[in-house]
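Below you'll find the structure, written out as structure tokens, and then a few comments.
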Amino acid sequence: MTPFTRRDFLKLSLATSGSLALSRLMPAISATKENQNTSLPGVVILVFDAMSARNLSLYGYKRPTTPNLERFAQKATVYNAHYSAGTFTSPGTASLLTGLYPWTHRAFNEAGLIARNVVERNIFQLAGEKYHRLAFSQNTWPNYFFGQFRESINKILPTGSFSLIDHLVGDKLGKDSLNGQRAFEDFLFQNDAVPPSLVFGLAERLIHRYQLNRAHSEGYPNGLPRTGSYPVVFRIEEVIDGLIETIKEFDTPTMAYFHLYPPHSPYAPTESFFRSFQGDNFFVDKPDHVLGDHDSVEKLNNRRRVYDEYIASLDQEFGRLYDFLESSGFLEKNYVVVTSDHGEMFERGVMGHNSPLLYDAGVQVPLIISAPGQRSRQDVYLPTVSVDIVPTLSHLMSGKTPDWHEGEVLPLLGGQEKPGRSIFTMYAMKNPAFEPLKKISLAMRKDQYKLIYYRAFNDYNREDRFELYDLEGDREELRDLYPDDPAITRSLRDELLGKLEDVNSLAPYMA
Amino acid sequence: MFLFKRIPTRDQITPVYAVIVQIIYIWTILWFFWKLPSLLYYMTMGEILATLTYLLATNLLESLVILCGPLFLSIILPMKWFRDLFVVRGTALIMPGLGYLIYIAYHFQSRNEYPAIFFKWWSVSLAVFILFAFVFFAGRVNILRKVIEFIADRAVIFLYIFIPLSVVSVLAILFRLIF
């Protein structure tokens, strides 16, 4: 054993006093960091699935569907011509979360995934370590994206959180939940056909039936709200309660993404609104479209009524959430974004979404953003698109925007109004994610004009077709100007086709 | 001791298990190939294989669960009646039993559908009666017995294909879950 020398004693003393001084300094350092963090604005993104802006009284719809959203909008910025970049959850949500159009993120198939080479381009990654990043989606497909973004998210709440019935396996497989969820929920326990898992698949259906029979469905005359193809069943009020409790627990700056399933079909209005719009003589009659499903006008109007009642039911619960956010002072320190991933159609023979038709009912969605301490309503009327949300939030959270996004910082939140800007929305479900887009409907909105392009649809003998609408004079998109060939047509068409050619030349799409 | 005596030998269990494996795995794999073209639209080969590992691991578990059925009967029924004729009676129980399960599955096209008729007492009793009648005659009618033994014997080949694949799948899943 070596002797303890004077030199060792001096070294030890120096080290001890140094660590003591450092330990006294540490709280001060962390306090400074904490102070810096607490000065950061939090961000809550609230997405209502399949909520068309055209069915909200906030945007001038005749039925009083959203009095509480209107209350919220009184102290927020309302974007009056906001579009989703896609017609259903996968492309719409992926664009919202990445700031990329579907031709770049490639999640345009049902249950599609974001291209593996752009997966790091997302809002959670941009928020960075200084934010606690939380994600929750009742819809399973955005949950797949969370699985892809896992490294950038601190906490992912299971899809069945705050619900009466959850997935049996679903997202409970920890690190491998993305693959596990796809294998079980989209395959072994698939809902749209016979279960490929003969024993457990049948058992899952029987267990689901048993749970459903035991769930209390009072207050929901059409049955409890549920998530379409997946087994999650819930009560809206309990989900909102869950969100309130979750928000109460925020003790550091938080970037939270909440994706709620309503008002997505199956529509389940509460007793308070069930049949509340029946007999109000509101009727929409638009001509059938050759690419539509040819549902009758009566059927469409009937479903539209139930959808509107479901929106009103949801809005009532949103009102409770808004009251909490306001009374707790949450709105004083946080940005709250309310939007949707896509719209819903009840016209031209189409009911729902997943349609190549790109009329405003299917792609125009709400966007309302409340800034910390905002006291009055502001309105933006120029077209905006879901890919704008990522650069805007990045700008608000860090003062910077990434160089890879395909949107613009939103006007009145740090961006400039840019008349003449072109924005796009598309349906490309029938294309492989790994190849150029061949069969596609693509709409370009520029100023008051909207040009829709249909490529390679069999109903058009695979010939190119265009429709052009002037939304200032023809809000309902009933008068196709394309055959009249006004002067604007050629430049719009050339721009749209040029854009498609550009994006198709980006192959290969995946690393 | 009483229990061990009643459990069939490995040579008896293998062909019965092979029949179970054959039906359970092929049912899932047929669906897998039916879905494969759409999966190729948006999933990479690695992701598709990762999904496949879950299917094979689930099938392994399902097949073992099903095997418990004839093993249980072998324990509770008289040895002469079931255990001594385990290959024939077990296979005779499994083949129509799983066939009936497939028939029921076709009536469960979604979670919203519930073919209540299959779960009524008379319906279940009738199915069980027919099943056991078949099991009974399978041991008595010589030609039927030979056909069943022939099928069970030939099915063993599936064990050599599916079980190693399933074991590899289970290991792959464990690896992904841990690391």
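Some observations on this one:
- Contact order normalised by residue count of chain A, Cα under 8 Å, 6+ apart, percent: 23
- Remark: the protein assembly as shown projects, on average over all directions, an area of 43.2 nm² (convex hull of Cα atoms).
- The mean number of partner chain beta-carbon atoms within 10 angstrom of a residue's beta-carbon across peptide A:200-209 is 4.
- Reducing segment A:94-145 and segment A:304-320 to their Cα centroids gives an inter-centroid distance of 27 Å.
- Only DSSP H runs of four or more residues enter the estimate; each adds -39500 (n - 2.57), and after division by the residues of chain A the mean residue ellipticity at 222 nm equals -10500 deg cm²/dmol.
- Shape of segment B:84-169, Cα gyration tensor, a/c cut at 1.5: oblate
- For the protein assembly as shown, size of Cβ-based charge dipole, Lys and Arg +1, Asp and Glu -1, in debye: 2760
- Straight-distance candidates among the lysines for linking to residue A:446, with alpha-carbon spacing under 18 Å and chain neighbours fewer than 8 residues away dropped: A:418, A:499.
- Measuring nothing but how far apart in sequence close Cα pairs (under 8 Å, 6+ apart) lie, relative to its length, segment A:95-165 scores a relative contact order of 27 percent.
- Remark: relative contact order (segment B:11-178) = 42 percent; criterion is Cα-Cα distance under 8 angstrom and separation of 6 or more residues.
- Among A:201, A:281, A:267 - extreme Cα towards positive end, dipole of segment A:156-286, charges at beta-carbon: A:201
- A simple charge model with +1 on the Cβ of Lys and Arg, -1 on the Cβ of Asp and Glu and nothing else charged puts the dipole of segment B:11-178 at about 320 debye relative to its Cα centre.
- Most simply put, chain A has about 55% antiparallel DSSP beta bridges, counting only bridges with both residues inside it.
- Averaged over the residues of B:22-28, the number of partner chain Cβ atoms lying within 10 Å of the residue Cβ comes to 3.
- Listed by chain and number, the lysines placed with their C-alpha closer than 19 angstrom to that of residue A:155 are A:130, A:172, A:175, A:248; residues fewer than eight positions away on the same chain are left out.
- Mean-square fluctuations from a GNM of chain B, with a 10 angstrom spring cutoff on Cα atoms, peak among B:105, B:127, B:18 at B:105.
- Amide H contacts of residue A:440 (H built 1.01 Å from N, in plane; Pro and chain starts excluded): A:455 sit under 5 Å, all sequence-distant by 5 or more or on other chains.
- In straight-distance terms, cross-link reach from residue B:80 covers every one of the lysines whose alpha-carbon lies under 17 Å from its own, apart from those fewer than eight places away in the same chain; here that gives B:5.
- The chymotrypsin sites (Phe, Trp or Tyr not before Pro) of segment A:305-336 include none that DSSP puts in a loop with a beta carbon having at most 10 other beta carbons within 10 Å.
- Residue mean of other protein chain beta carbons inside 10 Å, A:185-194: 5
- Between B:153, B:84, B:11, the GNM of chain B built on Cα springs shorter than 10 angstrom shows B:11 fluctuating the most.
- With respect to chain B, whose longest principal axis is taken over its alpha-carbon atoms, helix B:142-178 is tilted by about 30°.
- Among the trypsin sites (Lys or Arg not before Pro) within segment A:120-174, those in coil by DSSP and having at most 15 neighbouring Cβ atoms inside 10 Å are A:130, A:172.
FYI, it's all coordinate maths here, none of it is from the lab. What you are looking at is a predicted structure, and each value in this text was computed from that prediction instead of being measured. A quick note on method: Cβ atoms are made from the backbone with ideal geometry, for glycine too, and the neighbour counts reach across all protein chains shown.
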